[in-house]
Amino acid sequence: MRDRPIKLLIVDDEKNIRRLYEKAFKQYGYEVLLAENGASAVEKVESEGPDLVILDIRMPGMDGIEALGKILGKKRDIPVILNTAYTSYQNNFMSWAADAYVVKSSDIEVLKSKVEEVLVKKGFASA
Amino acid sequence: MPESSAEMRDGMMVVNPSDFRIISVNPEMLQLLRIPSDKIVGRTWYELAKYQLALGEFDIFSFLPPDRLLEGELNISFQSETDSDVQVELVSYPMLDPQQRVREIVLLGRDVTQKKRFEADLSRRVNELATLNEFSKALQRTTDLNEVLYITLVGVTAQQGLQFNRAFLLLFSPQTQKLEGRAAIGPCDSHEAGRIWADLSEKAWTLGDILGAYDPARPLVDTAISAQIRAVELSLQNINSLLVRALTEKKSFNVIRGMAEEGLISDPDLADILGSDTFAVIPLYTQKREIGVLIVDNLINRRSITSTQVKLLEIFASHASSGIETSQLYRDLQEKIRALERSREKLQENQQKLLRAERLSTVGKMAATVAHEIRNPLVAIGGFARLLAKEMSGSHPMREDIEIVIAEVMRLEKIVENILQYSTAQEASLQPTDLHLVLARTLEALRLEIEERKVNVVREFCSDVPVISADSGQLTQVFYNLLMNSLQAMERGGTIDLVTQKTGENILIKVRDTGCGIPVEHLNKIFTPFFSTKQSGAGLGLAVVAQIVDAHRGSIEVSSEEGRGTEFSILLPASDYGA
């Protein structure tokens, strides 16, 4: 149905993680945008118009939870997946606003299938 | 009479040694031997014995064979109507002629009643002192109240002691302000008395032996006569009671046929209880406090109790009093020490709990921080390794190596996961939870492992649905960890029994396996964080279990037999929302 690849915005303060996801998701056929903090992510959501945001929570400056609020404030329907090393934010009511909560794992398939699941739910064609 | 006789001249009688004819006698001798007339002079000893010419109270002539007059010193005693017991010392002096033949026998007589009485008195006193000494020695050896009571009662009644037939002890209780019967000793009747005394005299026991023979397993308070006296309970308000007066006035009473010396009438029901209206009451007290009363009597041999005996009993009673006081103080002290020890133990326990909780939470926090910090690099390492592996063909020479990197990273991630679970286990969010559902879900999650290891899981669930107040996620973790543990202990298959039972306010859950078991020396360590015997794993599985169970106000126990299997029992409080 779509003629262009799905655009993911991957937000993480760790360079190597960004690089990993960029490489992996490009292999999966996605277009990948990167941001290294919350502020930059909010900005890119507006300027680049990603289809889905993968958001780390613990970041210096504006953290993921705060960024989530701002992103949803600008684009109410944009799917957001929280991807974090912490399980504890699962109980934070702000994180309920996200479409999914994934605990970081070296097995990227977990995140990949979550992305696909959320995309299907949000009405994108199955990848 | 004995007083005056002490000042009397010696009596003298001269006897002919060939025919024992009385040659002469002085008036003192006549008086001494209670011979009413001096008509005995000129008669032979035999005549006098035969015809009983000397019709005195005491007939020395028939009593003493005359040839004994040659023996020298003679001691004779006789009963006289006027003096109760007369002791006369006779000394004979054979007088020799120049040919060394006995010419006449001079018999000198002296009243030694007083002297003998003094001697007897002295020996009695020595005995009493010895008895007292034994008694106080025995008392000093013990701090056990029952033993003190035993020693007192035995000392008063033993043949080797004060020889009373029976003795009763009542102790004053400061709490109730009452005199309470405590223990007694003595036969119930004369038949039993005979048996006991025969028994005791057979064994040549000294008083020390008897007093030392106390058997804590058979305190005197068990005897029938003790039960009798224990029925007595007398309020100090009862000021007309002789027992109360004895105690409060610190005064002994010698009660004869229901009357104390001063015309006081004794408590009538006391005679009923004792079965006797003649007895002595001795107060027991120390400088500081009232201890009780001692009652003694001679129900069996009916011997009257003398004032001297009462005096002796008082001395006895003062020893007994301090013995009883000491043992009571000792017991109070012991109780206080025990109470102190209990509170100290409690304190220590709490302190240890606190310390442990603090340490765990510190360890937990630190572990959580470290775990999180490690997670990101692990994601990078493992993630890139996977990307690399994807690009390598199955035959690539480094394919196997990269698979190892992937597997090891996964293992590290598992450990991190465990540590994080452990550190968050303290914060449970409790909701009414269906325990059976949690168990079913956990088993489902482990289905593959269970099948792989050919383990048979037997569910013995109670019929009604146990609703408990729990964090279902954490509870799942508990059973997951326990079942995983069991599965790992059964490399070659086996059975896991999963049991739930309602026990009053609690739900009991048992996870029982037929695995290799846990060595005894490890049993008390398995719930400690970072304790592990496995090659893999952080040693947190069971620590997490214990932590979560604790957060659910439950308890967990383990029993295990090496080579046979292990059983974990978890007790969780049933929910108020219960079915």
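Going residue by residue through segment A:12-34, is there one that turns out to be surrounded by 20 or more Cβ atoms within 10 Å (Cβ to Cβ), in contact with an Asp or Glu (Cβ under 6 Å, 6 or more places away or on another chain) and closer than 30 Å to B:Ala367 by Cβ?
yes
Report, by residue number, each residue of segment B:111-125 that is modelled with pLDDT of 85 or more and either buried (at least 18 other Cβ atoms within 10 Å of the Cβ) or in a loop (DSSP other than H, G, I, E, B) (or both).
none
Collect the residues in segment B:257-279 that are in a loop (DSSP other than H, G, I, E, B) and without any contact (Cβ under 8 Å) to a residue 12 or more places away in the chain, keeping them in residue-number order. Reasoning before the result, please.
Just the residues of segment B:257-279 that are in a loop (DSSP other than H, G, I, E, B), to begin with: B:257-258, B:260-264, B:266-267, B:275-278.
Listed by number, the residues that qualify are B:Glu261, B:Glu262, B:Gly263.
I'd like the full set of residues that are closer than 15 Å to B:Ile415 by Cβ and touching a Ser or Thr at 6+ places or on another chain (Cβ under 8 Å), limited to segment B:364-386.
Within segment B:364-386, B:Gly364, B:Ala367, B:Ala368, B:Ala371, B:Leu378, B:Val379, B:Ile381, B:Gly382 qualify.
Show the residue pairs that are 6+ apart or on different chains and have beta-carbon atoms under 9 Å apart, the first residue being within segment B:396-410 and more than 14 Å from chain A (Cβ to nearest Cβ), the second being of a type in the set (Val, Ile, Thr) and surrounded by 15 or more Cβ atoms within 10 Å (Cβ to Cβ).
If the second residue must be of a type in the set (Val, Ile, Thr) and surrounded by 15 or more Cβ atoms within 10 Å (Cβ to Cβ), the pairs left are B:His396/B:Ile402.
Given the structure, is A:Ser126 in a loop (DSSP other than H, G, I, E, B) and either modelled with pLDDT of 85 or more or within 11 Å of chain B (Cβ to nearest Cβ) (or both)?
Numbers: in a loop (DSSP other than H, G, I, E, B): yes; either modelled with pLDDT of 85 or more or within 11 Å of chain B (Cβ to nearest Cβ) (or both): no.
When the stated conditions are applied, A:Ser126 does not pass them.
Working carefully through the options B:Ala389, B:Ala371, B:Ala380, B:Ala339, find the one that is at pLDDT below 90 and either away from chain A (no Cβ under 14 Å) or in a helix (DSSP H, G or I) (or both). Outline the logic, then answer.
Details: B:Ala389 fails: at pLDDT below 90; B:Ala380 fails: at pLDDT below 90; B:Ala339 fails: at pLDDT below 90.
It is B:Ala371.
Failed condition for A:Val102, given (1) surrounded by 16 or more Cβ atoms within 10 Å (Cβ to Cβ); (2) more than 14 Å from chain B (Cβ to nearest Cβ); (3) not acidic (Asp, Glu), with all others met?
So the condition that A:Val102 fails would be (2).
The rows are residues; the columns are (1) touching a helix residue (DSSP H, G or I) at 6+ places or on another chain (Cβ under 9 Å); (2) over 30 Å from B:Arg141 (Cα atoms); (3) not basic (Lys, Arg).
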position	(1), (2), (3)
B:Gly258	yes, yes, yes
B:Ala271	no, yes, yes
B:Leu312	yes, no, yes
B:Ser327	yes, no, yes
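Which of the residues belonging to segment A:105-123 are hydroxyl-bearing (Ser, Thr, Tyr) and either surrounded by fewer than 17 Cβ atoms within 10 Å (Cβ to Cβ) or modelled with pLDDT under 80 (or both)? Give the derivation first.
Of the residues in segment A:105-123, the ones hydroxyl-bearing (Ser, Thr, Tyr) are A:105-106, A:113.
Scanning segment A:105-123 gives a single hit, A:Ser113.
Within segment A:24-36, which residues are more than 18 Å from A:Glu116 (Cβ to Cβ) and within 11 Å of chain B (Cβ to nearest Cβ)?
Those that are more than 18 Å from A:Glu116 (Cβ to Cβ) and within 11 Å of chain B (Cβ to nearest Cβ): none in segment A:24-36.
Does A:Asp51 qualify as being within 12 Å of chain B (Cβ to nearest Cβ) and touching a strand residue (DSSP E or B) at 6+ places or on another chain (Cβ under 9 Å)? Quick ask: steps written out before the conclusion?
Numbers: within 12 Å of chain B (Cβ to nearest Cβ): no; touching a strand residue (DSSP E or B) at 6+ places or on another chain (Cβ under 9 Å): yes.
For A:Asp51, the condition - within 12 Å of chain B (Cβ to nearest Cβ) and touching a strand residue (DSSP E or B) at 6+ places or on another chain (Cβ under 9 Å) - is not met.
Any residue at all in segment B:342-365 that's over 16 Å from A:Glu14 (Cβ atoms) and within 14 Å of chain A (Cβ to nearest Cβ)?
Keep residues of segment B:342-365 that are over 16 Å from A:Glu14 (Cβ atoms), which gives B:342-365.
Adding the requirement that they be within 14 Å of chain A (Cβ to nearest Cβ) leaves B:364-365.
Yes, that holds for at least one residue.
Restricting attention to segment B:458-484, which residues are of a type in the set (Val, Ile, Thr) and under 16 Å from B:Leu435 (Cβ atoms)?
Quick first cut of segment B:458-484, residues of a type in the set (Val, Ile, Thr) only: B:458, B:465, B:467-468, B:476, B:478.
Within segment B:458-484, B:Val465, B:Val467, B:Ile468, B:Thr476, B:Val478 qualify.
Within segment A:67-77, identify whether any single residue is in contact (Cβ under 8 Å) with a residue 12 or more places away in the chain and either out of contact with any helix residue (DSSP H, G or I) (no Cβ under 7 Å at 6 or more places or on another chain) or within 14 Å of another protein chain (Cβ to nearest Cβ) (or both), and answer yes or no. Don't jump to the end; show me each part of the working.
Step one: list which residues in segment A:67-77 are in contact (Cβ under 8 Å) with a residue 12 or more places away in the chain, which gives A:67-72, A:74-75, A:77.
Right, trim to either out of contact with any helix residue (DSSP H, G or I) (no Cβ under 7 Å at 6 or more places or on another chain) or within 14 Å of another protein chain (Cβ to nearest Cβ) (or both) and you get A:77.
There is at least one residue in segment A:67-77 that is in contact (Cβ under 8 Å) with a residue 12 or more places away in the chain and either out of contact with any helix residue (DSSP H, G or I) (no Cβ under 7 Å at 6 or more places or on another chain) or within 14 Å of another protein chain (Cβ to nearest Cβ) (or both).
Can you name the number of the only condition in (1) among the aliphatic types (A, V, I, L, M); (2) touching a residue at least 60 places away in the same chain (Cβ under 8 Å); (3) crowded, with 21+ Cβ neighbours inside 10 Å that B:Leu132 fails?
(3)
Can you tell me which of B:Ile291, B:Ile239, B:Ile282 is at pLDDT below 90, outside any helix (DSSP H, G or I), out of contact with any Pro (no Cβ under 7 Å at 6 or more places or on another chain) and not polar (S, T, N, Q)? It would help to see each step written out before you state the result.
Values: B:Ile291 fails: at pLDDT below 90; B:Ile282 fails: at pLDDT below 90.
The unique qualifying residue is B:Ile239.
Whether any residue in segment A:88-97 is modelled with pLDDT of 75 or more and out of contact with any helix residue (DSSP H, G or I) (no Cβ under 7 Å at 6 or more places or on another chain) is what I want to check.
Step one: filter segment A:88-97 for residues modelled with pLDDT of 75 or more, giving A:97.
Then keep just the ones that are out of contact with any helix residue (DSSP H, G or I) (no Cβ under 7 Å at 6 or more places or on another chain); that gives none.
Looking through segment A:88-97, none of the residues is modelled with pLDDT of 75 or more and out of contact with any helix residue (DSSP H, G or I) (no Cβ under 7 Å at 6 or more places or on another chain).
Output yes when any residue across segment B:30-49 is charged (D, E, K, R), over 60 Å from the mean Cα position of the chain (by Cα) and at pLDDT 90 or above, and no when none is.
Of the residues in segment B:30-49, the ones charged (D, E, K, R) are B:34, B:38-39, B:43, B:47.
Subsequent filtering for residues that are over 60 Å from the mean Cα position of the chain (by Cα) retains B:34, B:38-39, B:43, B:47.
Now drop any that are not at pLDDT 90 or above, which leaves none.
So far as segment B:30-49 goes, no, none of its residues is charged (D, E, K, R), over 60 Å from the mean Cα position of the chain (by Cα) and at pLDDT 90 or above.
Any residue at all in segment B:362-377 that is free of Cβ contacts under 8 Å to residues at least 60 places away in the same chain and over 30 Å from B:Ile406 (Cα atoms)?
Step one: filter segment B:362-377 for residues free of Cβ contacts under 8 Å to residues at least 60 places away in the same chain, giving B:362, B:365-377.
Those still in the list that are over 30 Å from B:Ile406 (Cα atoms) too: B:362.
Yes.
Only one of B:Leu274, B:Leu220 is at pLDDT 75 or above and surrounded by 14 or more Cβ atoms within 10 Å (Cβ to Cβ). Can you tell me which? First the steps, then the outcome.
Numbers: B:Leu220 fails: at pLDDT 75 or above.
Among B:Leu274, B:Leu220, only B:Leu274 is at pLDDT 75 or above and surrounded by 14 or more Cβ atoms within 10 Å (Cβ to Cβ).
I want to confirm something. Restricting to segment B:226-240 and keeping residues that are crowded, with 16+ Cβ neighbours inside 10 Å and either in contact with a Cys (Cβ under 8 Å, 6 or more places away or on another chain) or in contact (Cβ under 8 Å) with a residue 60 or more places away in the chain (or both), which single residue is nearest to B:Gln177 (Cα to Cα)?
B:Leu236
Give me the helices (runs of 4 or more DSSP H) completely within segment B:411-521, filtered to those with at least 2 residues that are within 14 Å of another protein chain (Cβ to nearest Cβ) and either under 30 Å from B:Pro377 (Cβ atoms) or of a type outside the set (Asp, Glu) (or both), ordered by residue number. Break it down stepwise before answering.
Working: elements: B:435-445, B:447-452, B:472-488.
Answer list for segment B:411-521: B:472-488.
If the Cβ limit is 9 Å and pairs must be 6+ apart or interchain, which residue in segment B:486-501 that is in contact (Cβ under 8 Å) with a residue 12 or more places away in the chain and on the phi > 0 side of the Ramachandran plot pairs with which residue that is of a type outside the set (Phe, Trp, Tyr) and part of a loop (DSSP other than H, G, I, E, B)?
B:Gly493/B:Arg453; B:Gly493/B:Lys454; B:Gly493/B:Thr514; B:Gly494/B:Arg453; B:Gly494/B:Lys454; B:Gly494/B:Thr514; B:Gly494/B:Gly515
Do the conditions hold for B:Gly155, that is, is it within 26 Å of B:Ile300 (Cα to Cα), in a loop (DSSP other than H, G, I, E, B) and small (Gly, Ala, Ser)? Steps first, please.
Values: within 26 Å of B:Ile300 (Cα to Cα): yes; in a loop (DSSP other than H, G, I, E, B): no; small (Gly, Ala, Ser): yes.
When the stated conditions are applied, B:Gly155 does not pass them.
What is the residue count in segment B:532-542 for residues that are at pLDDT below 80 and in a helix (DSSP H, G or I)?
Our first condition is that a residue be at pLDDT below 80; within segment B:532-542, this holds for B:532-541.
In the following step, the residues that additionally are in a helix (DSSP H, G or I) were identified as B:541.
Number of matching residues: 1.
The values are calculated or read from the model by the stated rules, or taken from the named source; none is laboratory data. This structure is a prediction, so every number in the text was calculated from the model and none was measured. A quick note on method: Cβ atoms are made from the backbone with ideal geometry, for glycine too, and the neighbour counts reach across all protein chains shown.
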